[in-house]
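The values are calculated or read from the model by the stated rules, or taken from the named source; none is laboratory data. Computed from a predicted model, the values in this text were never measured in an experiment. In this analysis, Cβ positions are derived from the backbone assuming ideal geometry, glycine residues included, and neighbour counts consider all displayed protein chains. All accessible areas refer to the heavy atoms of the entire protein, side chains included, with ligands and DNA or RNA removed. Shrake-Rupley method; radii C 1.70, N 1.55, O 1.52, S 1.80 Å.
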Amino acid sequence: MGTTAGLRKGEVTRRLILERAAPVFNQRGYAGASMSEIVEATGIEKGGIYNHFGSKDELALEAFAYSISLIVDGYGAVQEGKVGLDRLVAIIEIFDDWSGHPIVAGGCPIMNTAIESDDTHPALAAAARDAMESWHRLIGSIVKDAKGRGELDPDVDPYELATLVTSTLEGSLMLSKLFGDSGHKHRAVASLVDHVEGLRRKPGQRKGRQQR
């Protein structure tokens, strides 16, 4: 969650509002989250909240950015000490852990925000799109690194793999929430790990995709 050491009082209050408002927006959505709920969650009166955020829109956008920053930090942590494809496997596997114990209550903020704001809140939709693009770029950079290390064939498409990973993980999360059955997440994660490991070149293996 980070530290507030060295922050001024106003910055500490602003951080507290974001920490406590982010789960409200993630669980209730922008339209469903009322300011009275945010007041209750933060313990700060509406006027005090508006001293730090000019509008509900501004608060929602910054709360979403705060949620994404927690995920980015988490992805960075699980990759520490790992190289190449092991980084991607770690990211896939931690998604299963986070789905059971989410960093932000309510599940994946990218999926939740994208679904709710698609046709109703262009700024939030754009923020969700940017967050997903960053996730794709992360996977793409891992794939390029793995190619440079000789772990992957040159013809493995980073965009194709990024789409497969993110759509499978997000889809499995939706199914798990819809049916109240985490087995969908477990199976999706296991299948993705098997797929990534299947792409890993064995020592001495010739270049080019394996025939499956």
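Details
- Residue within region 54-63 that is of a type in the set (S, T, N, Q) and either in contact (Cβ under 8 Å) with a residue 60 or more places away in the chain or in a helix (DSSP H, G or I) (or both) present: no
One line per residue, one yes/no per condition, for (1) open to solvent by less than 30 Å² (accessible area, probe 1.4 Å); (2) part of a helix (DSSP H, G or I); (3) among the small types (Gly, Ala, Ser):
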{"site": "GLU11", "(1), (2), (3)": "no, yes, no"}
{"site": "LEU16", "(1), (2), (3)": "no, yes, no"}
{"site": "VAL24", "(1), (2), (3)": "yes, yes, no"}
{"site": "GLY48", "(1), (2), (3)": "yes, yes, yes"}
{"site": "VAL72", "(1), (2), (3)": "no, yes, no"}
{"site": "GLY76", "(1), (2), (3)": "no, yes, yes"}
{"site": "GLU93", "(1), (2), (3)": "no, yes, no"}
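- Just one of the listed residues (TYR30, TYR75, TYR66) is of a type in the set (Phe, Trp, Tyr) and at pLDDT 95 or above, and it is TYR66.
- Here ARG20 meets each of (1) more than 13 Å from the chain's Cα centre (by Cα); (2) surrounded by 19 or more Cβ atoms within 10 Å (Cβ to Cβ) with one exception, condition (2).
- When residues of region 183-212 are limited to those that are in contact with an Asp or Glu (Cβ under 8 Å, 6 or more places away or on another chain) and modelled with pLDDT of 90 or more, the one surrounded by the most Cβ atoms within 10 Å (Cβ to Cβ): LYS185
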